[in-house]
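The values are calculated or read from the model by the stated rules, or taken from the named source; none is laboratory data. A quick note: this is a predicted structure, and the numbers were derived from the prediction, not measured. Note that we place each Cβ from the backbone using ideal geometry, even for glycine, and neighbour counts take in every protein chain shown. The protein model used for the area step is the full one, side chains on, heavy atoms only, and it has no ligands, DNA or RNA in it. Shrake-Rupley method; radii C 1.70, N 1.55, O 1.52, S 1.80 Å.
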Amino acid sequence: MKIVDRETGKRLKEVDPVKANVEKDAEISEGELSPMDPPDAYSSYASIEVENDKMDESLMQFKKEHENLTEVLEVFEKAIHEFKELGYVLNNNINDGFKKFFDFFDNDLLPHNRKEEKVLFPVLQKALLKNNEHGTGKKPVTAVDIMEDDHVKFIQLGSLTFNLLGLAPRFRDEQSKLFTYDVAYNSAKELIEMIRLHIFREDNTLFPLAQKYISQKEFEQICLEMNMHENEDIESTHHDHNHDHDHHHHH
């Protein structure tokens, strides 16, 4: 179930994102994997079974937030598909889907990630290093490093998608406009796929590892800090970006 190869500190192929990366097959030697038989990113290879009732309440809270995210992700996916089907013409339904997703991204997803990074990850990182759940590089890589890396990529892809959707309608030239929408569509698809895989990894690998290695006392502290964090975040982050792509209507 290791998601990091101990020898190289590289991510194991079985849990690599489904997206094609440039260096994707660089470290797979010829003939090791047939292209007809690609490893499934969501294979049970990467999961540890832990019953929900044995999960600490802090982890269950994170899982619940993942469920809300999954719902919003589905709305966004439908909207972006419909947008492409209609030749990149907006309607109210698509507009609402975009707005719902980008508002959720800023007001819920980013605070959720910050909470994981502040409250859970430091404790878990220590526990993983202590229990040799890491790669053997000069700098040992753990599952936590990979999740944090994903969080950064979300911000990059989210901003890229949002900005391209805002940029496209400003082109007078139809070809430039469609090209930009295509790039926006592809980065949105990549973001959706990436968030899905990330949730899967956290729920099935990271949280069970946390349950296994974090003490009851540490969990109590985590719960305490989560409540404090919640209150801070409610005061500081809830803002409604005007994610209205209304001015993009083609009349």
Can you work out which of the residues in region 152-181 that are touching a residue at least 40 places away in the same chain (Cβ under 8 Å) and within 30 Å of residue 123 (Cα to Cα) is surrounded by the fewest Cβ atoms within 10 Å (Cβ to Cβ)? 155
Any residue in region 182-194 that is open to solvent by 10 Å² or more (accessible area, probe 1.4 Å) sitting within a Cβ distance under 8 Å of a residue that is basic (Lys, Arg)? List the pairs, counting only those 6 or more apart or interchain. 185/84; 190/19; 193/19; 194/19; 194/153
Evaluation of residue 236 against (1) part of a helix (DSSP H, G or I); (2) at pLDDT 95 or above (one fails), failing number: (2)
Of the residues in region 150-173, those that are β-branched (Val, Ile, Thr) and not in a helix (DSSP H, G or I) number 0
Could you tell me which of the residues 130, 99 is under 22 Å from residue 194 (Cβ atoms) and of a type in the set (D, E, K, R)? 99
Taking residue 136, is it of a type in the set (S, T, N, Q), touching an Asp or Glu at 6+ places or on another chain (Cβ under 7 Å) and crowded, with 19+ Cβ neighbours inside 10 Å? no
Quick one: which of 118, 99, 78, 64 is basic (Lys, Arg), surrounded by 18 or more Cβ atoms within 10 Å (Cβ to Cβ) and at pLDDT 95 or above? 99
Region 108-144: number of residues that are touching a residue at least 24 places away in the same chain (Cβ under 8 Å) and either in contact with a Cys (Cβ under 7 Å, 6 or more places away or on another chain) or part of a helix (DSSP H, G or I) (or both): 21
Note: among 86, 90, 110, just one is within 21 Å of residue 187 (Cβ to Cβ), surrounded by fewer than 20 Cβ atoms within 10 Å (Cβ to Cβ) and more than 13 Å from the chain's Cα centre (by Cα), namely 86
